[in-house]
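Presented below is the structure to which this report refers.
The values are calculated or read from the model by the stated rules, or taken from the named source; none is laboratory data. The model shown is predicted, which means the values in this text are computed figures rather than measured ones. No Cβ is skipped: glycine too gets one built from the backbone with ideal geometry, and neighbour counts run over all protein chains shown. These area figures cover heavy atoms from the full protein model, side chains too; ligands, DNA and RNA do not enter into them. Shrake-Rupley method; radii C 1.70, N 1.55, O 1.52, S 1.80 Å.
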Amino acid sequence: METNYETIVIGGGVVGSGIAYHLSERYKEGVLVLDKKYPMSGTSGSTQAWVWVHNKTPSWYAEFNMYSAELYPYLSKKIGDVEYKRTGGLSPFFNESDREKAQKLAESYRKIGIKIKVLSREEVLEKEPYMNPEVAGATYSSIDGNVNPFRLIDMYMRAAKRNGVQYSTYNKVTEIKKQDGKYSIISDKGAFECKNLILAGGTWSREIGDMLGVKIPVNQLRGQILVSEPLKPFLNFTISGLRQANNGEVLMGYSMEEAGFNRATTLDVIQETANMAVRYVPGLRKAKIVRAFSGIRAMPEDGFPILGKVPGHENLYVAATHSGVTLSPLIGTLITELIVDGETSIPIDRYSLSRFG
Amino acid sequence: MDKTTIICRCEEISCEEVEEVISNGGRTFDDVKRITRCGMGPCQAKICTSMVAEIIHQQTGLSPSEIPLPRMRMPLSPIKLETLATNSTSFSTVKSVLDEVELEEGKVR
């Protein structure tokens, strides 16, 4: 195997593979992706994979997510069918008192071009007839949707490989050194050298940063999800809390726990998730659950993506974020611009690692 | 087993599809599962586990003891959602997306 590359990406999840693919479109130099296991064994393979925009806050962050969601239809034309569906997104509320907050959200987001409607009970039930009739209303935006995360990363990898990107999997990086203007990377399967190094380690970003003396403040935040047996198609929208996949199974869950890297599922959260699901869609009561799983979000300390050049380190880049599925087409595009053109088409200064001081 | 042998009956995954994942660098049952859906159906890998392990062994030379078992998860056998629900409407770990929207002086942040 070649040991000298122009660019190496550490981490082959949705963020790392998204960057590798977008780089490979414009860049004929050698690119290698290193993954300590096989892509999808971490966060990217244990997610509901909403492509979600409409009630992220603050508005500038929602706007950033919107740009990425807008890239999805084009992305699926380029890399193949990733089961992306722009279903529209519904966030239901059950207390009339939430309507005012929903209206404020809609008002302020209209200014940046994200159209949010605040629906009445009747409008919600017309759109989503299986929703609990006790619902008070919902916020709705047509920009939201979902994707099959396994297909997405598999297709990113296939397209990147077709364009000449190499992958080395089950290959953990153990040491990184900077020598003579190049990065030297020691891994389980040998040493590699590169000019540009991109850190896309997701939940493991802190450890990878430590190898270079760079603090990347990313924490772990667990989510637990229930999966039903395949049901006939009956949900039309991506509901914030549950969605129906192409094969008919319903994925349910929206929980947050600080549990480090512990990927256990726990009865208390499974029960709460079941309560949420039957509250939203009572018809699910009789549906059978075949599996519970959990995933660990890569959560930067202040909740926002860490993107771009690492200050003080030449040719070193970082991309560490939650919402990697939603953001991967945009992050891939922007990091590619940064490396190939030296600047990005939309500003990413506010996502710089430098904000942590 | 030939290429068309069905390994996963629930999801109709053939031997050839499993082999492709291994040839692309996959090494474990869970790698095969995520790419092909092998073992993701109603039986949750109760039938295909050993056959996938056999294919991994043949293709990579890893001994069976080096091939990790798939991760089994609750509820092991399908059960109705209402059996898990407790009908409580108070939530702590499970969130509502709209609850996370914060207002500052009456405006969205």
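For the range B:71-87, state whether one or more residues are in contact with an Asp or Glu (Cβ under 8 Å, 6 or more places away or on another chain), of a type outside the set (Val, Ile, Thr) and assigned to a helix (DSSP H, G or I). No - not one qualifying residue is present in the range B:71-87.
Do you know which of the residues in the range B:71-109 that are within 7 Å of chain A (Cβ to nearest Cβ) and in contact (Cβ under 8 Å) with a residue 12 or more places away in the chain is most open to solvent (accessible area, probe 1.4 Å)? Among residues in the range B:71-109 that are within 7 Å of chain A (Cβ to nearest Cβ) and in contact (Cβ under 8 Å) with a residue 12 or more places away in the chain, the one most open to solvent (accessible area, probe 1.4 Å) is B:Pro78. For the range A:304-330, the set of residues classified as more than 26 Å from A:Met252 (Cα to Cα) and touching a residue at least 60 places away in the same chain (Cβ under 8 Å) consists of A:Ile306, A:Val310, A:His313, A:Glu314, A:Asn315, A:Leu316, A:Tyr317, A:Val318, A:Ala319, A:Leu330, listed by residue number.
Among the conditions (1) within 14 Å of another protein chain (Cβ to nearest Cβ); (2) open to solvent by less than 60 Å² (accessible area, probe 1.4 Å); (3) in contact (Cβ under 8 Å) with a residue 40 or more places away in the chain; (4) over 9 Å from the mean Cα position of the chain (by Cα), the only one that B:Pro68 does not satisfy is (2). Taking the criterion of being in contact with an Asp or Glu (Cβ under 8 Å, 6 or more places away or on another chain) and at pLDDT 95 or above, would at least one residue in the range A:257-269 satisfy it? There is at least one residue in the range A:257-269 that is in contact with an Asp or Glu (Cβ under 8 Å, 6 or more places away or on another chain) and at pLDDT 95 or above. Residues that are exposed (fewer than 15 other Cβ atoms within 10 Å of the Cβ), in a strand (DSSP E or B), on the phi > 0 side of the Ramachandran plot and at pLDDT 95 or above occur in the range A:185-195; there is at least one. Look at A:Arg243 and say whether it is basic (Lys, Arg), closer than 19 Å to B:Met74 by Cβ and buried (at least 17 other Cβ atoms within 10 Å of the Cβ). It is false that A:Arg243 is basic (Lys, Arg), closer than 19 Å to B:Met74 by Cβ and buried (at least 17 other Cβ atoms within 10 Å of the Cβ). Within the range A:229-281, the set of residues being more than 10 Å from chain B (Cβ to nearest Cβ), touching a strand residue (DSSP E or B) at 6+ places or on another chain (Cβ under 6 Å), closer than 24 Å to A:Ser141 by Cα and part of a loop (DSSP other than H, G, I, E, B) comprises A:Leu235, A:Phe237. Within the range A:307-329, the presence of a residue that is among the polar types (S, T, N, Q), more than 9 Å from chain B (Cβ to nearest Cβ), more than 29 Å from A:Gly16 (Cα to Cα) and surrounded by fewer than 22 Cβ atoms within 10 Å (Cβ to Cβ) is excluded. Within the range A:246-294, the only residue that satisfies the criterion of being in contact with a Phe, Trp or Tyr (Cβ under 6 Å, 6 or more places away or on another chain) and surrounded by fewer than 20 Cβ atoms within 10 Å (Cβ to Cβ) is A:Gly283. Cβ-Cβ distances below 6 Å connect the following pairs, each with a first residue in the range A:285-303 that is more than 7 Å from chain B (Cβ to nearest Cβ), a second residue that is charged (D, E, K, R) and buried (at least 21 other Cβ atoms within 10 Å of the Cβ), and a separation of six or more residues or different chains: A:Ser294/A:Arg222; A:Ile296/A:Arg222. Where helices (runs of 4 or more DSSP H) fall wholly inside the range A:9-114, the ranges with 2 or more residues that are over 23 Å from A:Met131 (Cα atoms), under 20 Å from the mean Cα position of the chain (by Cα) and at pLDDT 95 or above are A:14-26, A:59-79.
Restricting attention to the range A:149-159, which residues are in contact with a Phe, Trp or Tyr (Cβ under 7 Å, 6 or more places away or on another chain) and either open to solvent by 10 Å² or more (accessible area, probe 1.4 Å) or under 19 Å from A:Lys189 (Cβ atoms) (or both)? Once the filter is applied, which keeps residues that are in contact with a Phe, Trp or Tyr (Cβ under 7 Å, 6 or more places away or on another chain) and either open to solvent by 10 Å² or more (accessible area, probe 1.4 Å) or under 19 Å from A:Lys189 (Cβ atoms) (or both), the range A:149-159 yields only A:Met157.
Taking the range A:143-175 as the search range and keeping residues that are free of Cβ contacts under 8 Å to residues at least 60 places away in the same chain and more than 18 Å from A:Leu75 (Cα to Cα), which one is farthest from the other protein chains (Cβ to nearest Cβ)? Filtering the range A:143-175 for residues that are free of Cβ contacts under 8 Å to residues at least 60 places away in the same chain and more than 18 Å from A:Leu75 (Cα to Cα), the one farthest from the other protein chains (Cβ to nearest Cβ) comes out as A:Glu175. For A:Glu134, the stated conditions hold: it is part of a loop (DSSP other than H, G, I, E, B) and either modelled with pLDDT of 95 or more or over 27 Å from A:Val53 (Cβ atoms) (or both). Evaluating B:Ile55 against the criteria (1) more than 7 Å from chain A (Cβ to nearest Cβ); (2) in a loop (DSSP other than H, G, I, E, B); (3) of a type in the set (A, V, I, L, M, F, W, C) leaves one unmet condition, (2).
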